[in-house]
1. Please pick out the residue among G411, G446, G437, G415 that is open to solvent by less than 30 Å² (accessible area, probe 1.4 Å) and either in contact with a Cys (Cβ under 7 Å, 6 or more places away or on another chain) or farther than 24 Å from G507 by Cα (or both).
2. Considering only the range 522-543, I want to know if a residue exists there that is assigned to a helix (DSSP H, G or I), of a type outside the set (D, E, K, R) and at pLDDT below 95.
3. Taking the options A375, A325, name whichever one is surrounded by 21 or more Cβ atoms within 10 Å (Cβ to Cβ), touching a residue at least 24 places away in the same chain (Cβ under 8 Å) and part of a helix (DSSP H, G or I).
4. Show me the helices (runs of 4 or more DSSP H) found entirely inside the range 1-115 where at least 1 residues are open to solvent by less than 20 Å² (accessible area, probe 1.4 Å), assigned by TED's automatic domain parsing to the domain that holds I197 and touching a helix residue (DSSP H, G or I) at 6+ places or on another chain (Cβ under 6 Å).
5. For the range 164-203, give me the residue count where each residue is more than 17 Å from A217 (Cβ to Cβ), open to solvent by less than 30 Å² (accessible area, probe 1.4 Å) and out of contact with any Pro (no Cβ under 7 Å at 6 or more places or on another chain).
6. Can you tell me which residue among D202, D183 is away from ligand 2 (no atom under 16 Å from the Cβ), of a type in the set (D, E) and closer than 30 Å to S442 by Cβ?
7. Name the residue that is most open to solvent (accessible area, probe 1.4 Å), counting only residues in the range 449-486 that are away from ligand 2 (no atom under 16 Å from the Cβ) and at pLDDT below 95.
8. With the requirement that a residue be aliphatic (A, V, I, L, M), touching a Phe, Trp or Tyr at 6+ places or on another chain (Cβ under 9 Å) and surrounded by 19 or more Cβ atoms within 10 Å (Cβ to Cβ), what does the range 503-540 give you?
Amino acid sequence: MPPTTHARLLRWVDDMATLCQPSAIHWCDGSEEEYRALTAGMVSQGMLIALDERKRPGSFLARTHPSDVARLEERTFICSANAEDAGPTNNWADPVQMKATLRGVFAGAMQGRTLYVIPFSMAPIGSVVAKIGIEITDSPYVAASMRLMTHMGRPALEALGTDGDFIPCMHSLGAPLPPGSRDSSWPCVSDPGKKYIVHFPDDPSIWSFGSGYGGNALLGKKCLALRIASRLARDEGWMAEHMLILHLTSPAKRDYYLTAAFPSACGKTNLAMLEPSLPGWTVRCLGDDIAWLHIGDDGRLYAVNPEAGFFGVAPGTSPRSNPAAISTIARDTIFTNVALTADGDVWWEGLTEQPPAGLIDWQGRPWSPGSPTPAAHPNARFTVSAARCPVIDRQWDDHAGVPISAILFGGRRPGVIPLVNQAFSWEHGVFLGATTGSETTSATIGKTGVLRRDPFAMLPFCGYHMGDYLGHWLEMGERLGRHAPRIFFVNWFRKNADGRYLWPGFGENVRVLKWITECIDGRSVATSTAIGLLPSPGALDVSGLSLPEEAGRDLTGIDVAGWKREVTLIADFFRTLGNRLPPRLASMDEELRQRLDAPNPRSAQAGGAPGGAGGG
Ligand code: SAT
Ligand code: MN
């Protein structure tokens with residue numbers, strides 16, 4: 001018996017079951033017993049490996065099919081009624097035709113499998129910003145992961161009542177099991193051209209087919225909380241952003257709430273859980289990937305984390321880079337595509353300096369330091385409940401969220417971009433966010449290490465026209481007025497000519513956060529330059545750090561020639577957004593060029609800085 005009388009929901013589940021032909025239907029209640037049964041079932045079928053109960057209690061390892069290791073941007077579609085509304089940064093397909101295609105590929109797709117119905121809430125149930133989704137999937141890995149990643153189960157279904165709105169999220173591995181056939185340990189569609197991650201923003205609804213991995217399959221995350229939510233947010237006057245949320249406390253016990261947008265696999269989890277190297281400072285984490293931002297009754301901008309867990313990149317996570325994450329994943333964690341140790345624990349590149357002997361790599365093959373490929377897949381992940389994090393903020397699941405005083409943008413930029421730069425105004429901050437670029441990482445399939453523009457770190461996640469999105473940010477600034485948070489651009493990844501990082505990063509990043517709080521408090525620690533407000537000489541606390549000779553100049557100076565090239569690259573990129581680019585952004589690029597041409601772009605730019613809401 002389905003545990004609901006919600007007629008529309010029952011009809012939809014019935015329709016999907018008729019289409020997909022599963023052998024059973026299970027309505028998830030989100031209980032501990034259910035989670036145990038799901039994981040135990042996967043262990044007995046060989047889909048999960050139970051890790052050593054003493055070393056890694058309650059934890060499992062999943063190994064995906066080698067074709068199913070990251071998001072598939074080529075196969076991600078935004079099917080708005082009009083192609084123009086998806087914009088040049090998204091793949092568009094006609095919604096009517098795409099629905100017909102999808103009904104074709106889903107037909108009989110769940111044969112021999114259980115159809116799970118997963119009620120979930122993005123944002124705490126009862127929060128003003130919460131959205132309820134129902135995911136249908138034939139993957140028990142997805143069902144178990146959704147319990148860690150979202151507010152999942154009976155309370156979400158109860159919140160829906162008998163006629164509440166929900167976002168239908170349809171998912172199948174696309175690997176039917178006809179009677180007598182043997183299941184594989186990671187069923188999926190191996191041909192990437194036959195996978196689909198499809199969004200219908202006008203419904204809204206989501207259909208995903210053929211992949212069981214991460215954001216392709218846990219549909220609450222990138223699909224609902226970013227692509228669909230960004231469009232809802234535009235229509236409803238709020239913002240759905242690819243941002244971590246953190247709570248910083250100074251030695252004087254002042255509280256600052258910050259959000260930061262970096263592209264996938266650029267260290268959002270590390271910053272969100274930072275262990276400050278400076279005495280007296282603390283960081284508490286509220287979220288590591290997505291922030292829903294809304295204007296509160298007092299006119300300030302509030303952030304809510306729509307998720308309830310972390311799907312973090314494992315490689316590079318170590319007691320040095322992120323001690324809090326290491327404690328978070330000490331137990332009750334699902335690891336995907338990491339290496340297995342001889343004693344039933346996990347390992348990945350960067351966890352320890354020396355790999356332990358007797359490793360099994362992410363594809364189940366014996367591995368040694370001489371092996372040609374890494375032991376863990378570079379996009380290997382851990383999935384764990386936020387509640388396990390030792391530095392989770394006590395307000396992390398607050399219904400109203402926390403008031404934001406600064407927004408950071410950043411990316412991997414080996415050259416030109418300084419360590420930290422404050423925008424002159426909200427408007428100029430939108431320019432900085434819009435021009436965010438980063439070297440590509442393994443979070444998406446394709447070439448790594450090439451510079452791509454990733455405005456607001458939203459390139460793969462904005463569910464509508466990027467030009468309209470930038471316009472929405474400008475409008476939000478007008479509504480926020482004097483309450484607008486300060487905007488900063490950071491770059492931990494600056495390198496010298498020999499390719500060595502100039503900034504130590506990790507816990508030392510608190511030095512940059514400290515300077516940011518001084519800016520927020522109105523202390524005169526910044527110098528106005530052609531590109532923004534840079535730390536004045538001596539203002540950045542580098543006490544006790546031994547930085548290389550050129551570091552000071554490169555980290556907080558202006559590479560005028562590099563910036564002039566950047567201005568041209570920005571103009572080229574803006575042109576790709578076509579006539580929906582807000583004209584103000586193009587003119588800000590032109591103004592930047594003029595400021596760089598001025599006699600001394602490194603010193604005060606009297607009158608050169610654009611004004612506007614939240615001024616510098
Ligand atoms: O999209 S995922 O959730 O698989 C990971 C990411 O790109 O941040
Ligand atoms: Mn992300």
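The values are calculated or read from the model by the stated rules, or taken from the named source; none is laboratory data. Every value quoted in this text rests on a predicted model; they were computed, and no experiment measured them. Every residue, glycine as well, gets a Cβ built from its backbone with ideal geometry; the counts of neighbours run over all protein chains shown. These area figures cover heavy atoms from the full protein model, side chains too; ligands, DNA and RNA do not enter into them. Shrake-Rupley method; radii C 1.70, N 1.55, O 1.52, S 1.80 Å.
1. Only one candidate qualifies: G411.
2. Taking every residue of the range 522-543 in turn, none turns out to be assigned to a helix (DSSP H, G or I), of a type outside the set (D, E, K, R) and at pLDDT below 95.
3. The unique qualifying residue is A325.
4. Those helices (runs of 4 or more DSSP H) span 7-20, 95-106.
5. Residues that pass the stated criteria total 3.
6. D183
7. Here the residue is L451.
8. Within the range 503-540, V510, V512, L513, I516, V525, A526, A530, I531, L533, L540 meet the criteria.
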